1. Just the number please: accessible area per residue for the chain, 1.4 Å probe, all protein chains included, in Å².
2. Sorted from largest down, give the three principal axis spans of the alpha carbons of the stretch 299-344, whole angstrom values.
3. Provide the packing ranking of 366-375, 171-180, i.e. peptides ordered by the mean count of other C-beta atoms within 10 Å per residue, highest first.
4. Please go through the residue pairs LYS67/LYS264; LYS85/LYS168; LYS133/LYS264; LYS286/LYS316; LYS159/LYS313 and name each one whose alpha carbons sit more than 19 Å apart in this structure.
5. Principal axes first, then extents: for the Cα atoms of the stretch 238-342, list largest minus smallest coordinate on each axis, whole Å, largest first.
6. Are there any helices in the chain, counted as whole DSSP H runs, that stretch 20 Å or more along their axis by Cα and score at least 0.0 on average by Kyte-Doolittle, and if so which?
7. Could you tell me, in Å, what Rg and Dmax come out for the Cα atoms of the chain?
8. Kindly rank 197-207, 49-59 from highest to lowest mean number of other beta carbons found within 10 Å of each residue.
Amino acid sequence: MKELELKYGCNPNQKNAKLSLQNGQELPIEILGGRPGFINLLDAFNSWQLVRELREALNLPAAASFKHVSPSGAAVGVKLSAAQKKAAAVDDIEGLDDSLLACAYARARGTDRLCSFGDFIALSDDCDLTTAKIIAREVSDGIIAPNYSEEALEILRSKREGKYIIIKMDTEYKPPMAETKEVFGISFTQDRNDSKIDESLLENIVTAGNNQLPAEAKRDLVVAMIALKYTQSNSVCYAYDGQTIGVGAGQQSRIHCNRLAGGKADNWLLRHHERVLNLPFKDDLKRPVIDNCIDAYINGNEEDVCAEGVWQKYFKTLPKPFTKEEQREYLDSLNVAVSLGSDAFFPFSDNIERAKRSNVKYIAQPGGSIRDDVVIEACNNYGITMAFTGLRLFHH
C-alpha cells in the first residue's frame, strides 16, 4: 500500500486527506481494523517512536497512551504493587504480573486516566492477550504495535463494533534523515531529531553533595526525557517507578508546564491514598464516570461531574471530604523520590520550588540559562540532585 485515504484531516471540514511517503515507496503500516484519521496517525507515529526508544534505552517492554499528539502517560514494564493496581483500575486482571507489556500499558493508562479517555495506544512489543483484555474495556480510539497474537486481535477487533483502529507497524522501517512539513503553503525542512537518550546523558551532575544517581532514578529520568521528546513543547515530565506520573505539555511558560505536570503528579500520588482507593462507589457506575469522580474528589470540584448537582448520587454513602490540609500532610509524609525532566532549561528557581512540593529528588534538564547558578543553588538547598544533559528536546 503506497497511499492511504483518510476519513478527513484535523477536522471534518478538511477533506482530501491522505497518507503517503514522499519517495513513493510502500507505507510501513498495515491496517488490521478500523479507518484511521489524520490525528489518529499523528498520535500513532509519535507514540510508536516513543515506545520504540524506551524499549531500546531500558530493555523493557514499553507502552504509551497518547492524546492530541502528546502522551497522557508512558511507561516501561515494571510490576505494580497492590495499591498501584487498584489505582490504575487493573486489580481484577488475571495474569497481569506475567505480562510486563500489560504492566506497562496499565501504568501508561494509569498515569492520568481522565486525560487518557479516548487514547491512541502504542506498544513496543507484540500485543498479547492480557494487554488486550485491559484495552478491551477502556474507551480508546486505536492502537499501533509490531504485531498481535490471534487472541488479542480477536478481542481488539470486537471493540467499537469492529471500528476500532488497529495498526501493525513495520519494525524495520527507518525514516529519512530530512523531514519536511508544510505550514500556510510553505515547506519547512530540517534534520529529524535522532538524538539518542540514555543514561549517558546523566553524567554531568551539577549539584553539590552526593553525585551518584540511583539506578531507579536513572531509569525514571530516561523515561521522562524520552516522553518529552514526543510531547508538544514547552513541556515538563514527572516520573516515578518506571512511568510518567505527570506530563505538562504545550504551555508558553515553563513554570506553567511545571505546575500542570506537578499537579498531575500530586493527583497520581493522592490516588493511592487509602481513602481514595476505597471510595464507596455505587456498583453500576461506568469506569469513565468513576475516573471523573475520583479526579473531582481529589481536586474538590465535585460540581464539574454533577449534571444534576447531586454529588451523593455516585456513592453508596457520601464520602468525607479530602481537605487540602489532609492532602498536603499525606504528600509530605511519603517516602518517594520523584524524578523530573524538562525539555529546555529552567530560567528561574521557581521551578525548583514547585518541584520540591511534589517530592522531586532528581532532575534532568539541558542547562544553559544565564541563571543556572540560581537554579543549582535552589537544588542544593533542598538536597535535589540535578544533571545537565546539554540536550534540548523541543517538539512541534
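The values are calculated or read from the model by the stated rules, or taken from the named source; none is laboratory data. Since the structure is predicted, the reported quantities are computational estimates derived from the model, not experimental observations. No Cβ is skipped: glycine too gets one built from the backbone with ideal geometry, and neighbour counts run over all protein chains shown. Surface areas here come from the heavy atoms of the whole protein model, side chains and all, with no ligands, DNA or RNA. Shrake-Rupley method; radii C 1.70, N 1.55, O 1.52, S 1.80 Å.
1. Values: 18560 Å² over 396 residues.
Solvent-accessible surface per residue comes out at 47 Å².
2. So the extents along the principal axes, rounded to whole Å, are 43, 28, 17.
3. Details: 366-375: 15.4, 171-180: 10.4.
Put in order of decreasing packing, that is 366-375, 171-180.
4. Values: LYS67/LYS264 15 Å; LYS85/LYS168 28 Å; LYS133/LYS264 26 Å; LYS286/LYS316 15 Å; LYS159/LYS313 29 Å.
Flagged as over cut-off: LYS85/LYS168; LYS133/LYS264; LYS159/LYS313.
5. 42, 31, 26
6. Correct list, ordered by number: 38-58, 215-229.
7. 21.1, 63
8. Numbers: 197-207: 16.5, 49-59: 20.5.
Final packing ranking: 49-59, 197-207.
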